[in-house]
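Just below is one structure, and these are the notes that go with it.
The values are calculated or read from the model by the stated rules, or taken from the named source; none is laboratory data. Bear in mind that the values here come from a model prediction, so they are computed numbers and not experimental data. A quick note on method: Cβ atoms are made from the backbone with ideal geometry, for glycine too, and the neighbour counts reach across all protein chains shown.
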Amino acid sequence: MIQKCLFPAAGYGTRFLPATKATPKEMLPILTKPLIQYGVEEAVDAGIHTMAIVTGRGKRAIEDHFDISYELEHQIKGGEKENLLKEIRSLISGCTFSYTRQVEMKGLGDAILTGETLIGKEPFAVLLADDLCSHEGDSVLKQMIEVYEKYQCSIVAIEEIESHETHKYGIVAGNLVDETDDTYRVTDMIEKPDPKNAPSTMAIIGRYILTPDIFDILRKTTPGKGGEIQITDALLEQAKQGKVIAYKFKGKRFDCGSIDGFVAATNYFYTNIKKEK
Ligand code: UTP
């Protein structure tokens, strides 16, 4: 069983400056909900109720979001606006949230290692809130947990990208294991390769299930691409032992860390809400 979800949320979000100067990127809203709330909802859909969030300086708004705001609650109590807080209230009462701070932003791998204290020695999910996923059936994380239950090793969610975009992603190579569930046994993975060096066009998105041995591997992982400690490099160590499965998820993903992806997500969710009304 996967019981905890780790949210690395300490990055600077420089692509969204100046908006992210004093506001965490994870708090940028798609319509009325911040990105991280969509992430927590996805984890809950997957049956997870323990949220472990890696933050950093200037990220206090995330903690405040998942807490009661007494003055505000008092102000709108009994009014029709109270309904707007229904979803967030149910997350606050149904989940626990714990936090730790990454002191130096040394990369996603380092952020995950910082989260070890909140996770312990059990397999866990990792969700990057700026990769917003929408789904018709099961959420992406729920789909991945099913894959984990079958293979009992680390799982990365992947999607096919255009070949000129490989420099933005971790790219995997692998052998098809099962056509019916779109799974590949990973044989190689490279962080942000140039198209000419990319082993495929299968890109890792911000959803992982990791086995806890990843922490020991991360401790030994030296800075890679961009001088950062890369989760892709640590996962490659597991892949060499045949212990990483890549899964082509069902659903739609928006890279909300980029302006184009953020606008596309906003339009998509807005159109869907209009259709529902
Ligand atoms: P990004 O690569 O999107 O970096 O991180 P970023 O700093 O958030 O954004 P840009 O590129 O400057 O615009 C991917 C994920 O890893 C987390 C980020 O918060 C994001 O969820 N991260 C990254 C950390 O938690 N710590 C780090 O040191 C780096």
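Restricted to segment 53-115, the set of helices (runs of 4 or more DSSP H) holding at least 3 residues that are more than 10 Å from the ligand (Cβ to nearest atom) comprises 60-65, 70-76, 86-94.
Return the residue satisfying two criteria in turn: it lies in segment 16-26 and is within 14 Å of the ligand (Cβ to nearest atom) and either among the small types (Gly, Ala, Ser) or under 14 Å from the mean Cα position of the chain (by Cα) (or both), and of such residues it is surrounded by the fewest Cβ atoms within 10 Å (Cβ to Cβ).
Within segment 16-26, the match that is surrounded by the fewest Cβ atoms within 10 Å (Cβ to Cβ) is 19.
Of all the residues in segment 200-220, those that are among the aliphatic types (A, V, I, L, M) and over 17 Å from residue 162 (Cα atoms) number 5. With respect to (1) surrounded by 13 or more Cβ atoms within 10 Å (Cβ to Cβ); (2) modelled with pLDDT of 95 or more, the lone exception for residue 241 is condition (1). Residues that are in contact with a strand residue (DSSP E or B) (Cβ under 9 Å, 6 or more places away or on another chain), among the hydrophobic types (A, V, I, L, M, F, W, C) and more than 13 Å from residue 69 (Cα to Cα) within segment 81-96 comprise 91, 95, listed in sequence order.
Only a single criterion out of (1) in contact with a Pro (Cβ under 9 Å, 6 or more places away or on another chain); (2) more than 9 Å from the ligand (Cβ to nearest atom) is not satisfied by residue 13, namely (2). Evaluated against (1) more than 17 Å from the chain's Cα centre (by Cα); (2) surrounded by 14 or more Cβ atoms within 10 Å (Cβ to Cβ), residue 188 falls short on exactly one condition, (2). Among the listed residues 92, 119, 36, 68, which satisfies the condition of being crowded, with 19+ Cβ neighbours inside 10 Å, farther than 27 Å from residue 260 by Cα and of a type outside the set (Asp, Glu)? Exactly one residue qualifies, and that residue is 119. For beta carbons closer than 7 Å, sequence separation of 6+ or different chains, a first residue in segment 1-21 that is at positive phi and a second that is polar (S, T, N, Q), the qualifying pairs are 13/20.
Could we say that residue 166 is touching a helix residue (DSSP H, G or I) at 6+ places or on another chain (Cβ under 8 Å), within 16 Å of the ligand (Cβ to nearest atom), farther than 29 Å from residue 53 by Cβ and at pLDDT 95 or above here? In short, yes.
If we keep just the residues of segment 116-131 that are outside any helix (DSSP H, G or I) and of a type in the set (A, V, I, L, M, F, W, C), which is nearest to the ligand (Cβ to nearest atom)?
Out of the qualifying residues, it is 128.
Examine segment 32-43 for a residue that is more than 12 Å from the ligand (Cβ to nearest atom), of a type outside the set (D, E, K, R), under 14 Å from residue 91 (Cβ atoms) and touching a Lys or Arg at 6+ places or on another chain (Cβ under 6 Å), and state whether such a residue exists. Checking segment 32-43: not a single residue is more than 12 Å from the ligand (Cβ to nearest atom), of a type outside the set (D, E, K, R), under 14 Å from residue 91 (Cβ atoms) and touching a Lys or Arg at 6+ places or on another chain (Cβ under 6 Å). The residues of segment 1-10 that are more than 6 Å from the ligand (Cβ to nearest atom) and not in a loop (DSSP other than H, G, I, E, B), listed by number, are 4, 5, 6, 7. Which of the residues belonging to segment 62-91 are closer than 15 Å to residue 39 by Cβ and aliphatic (A, V, I, L, M)? Listed by number, the residues that qualify are 62, 88, 91.
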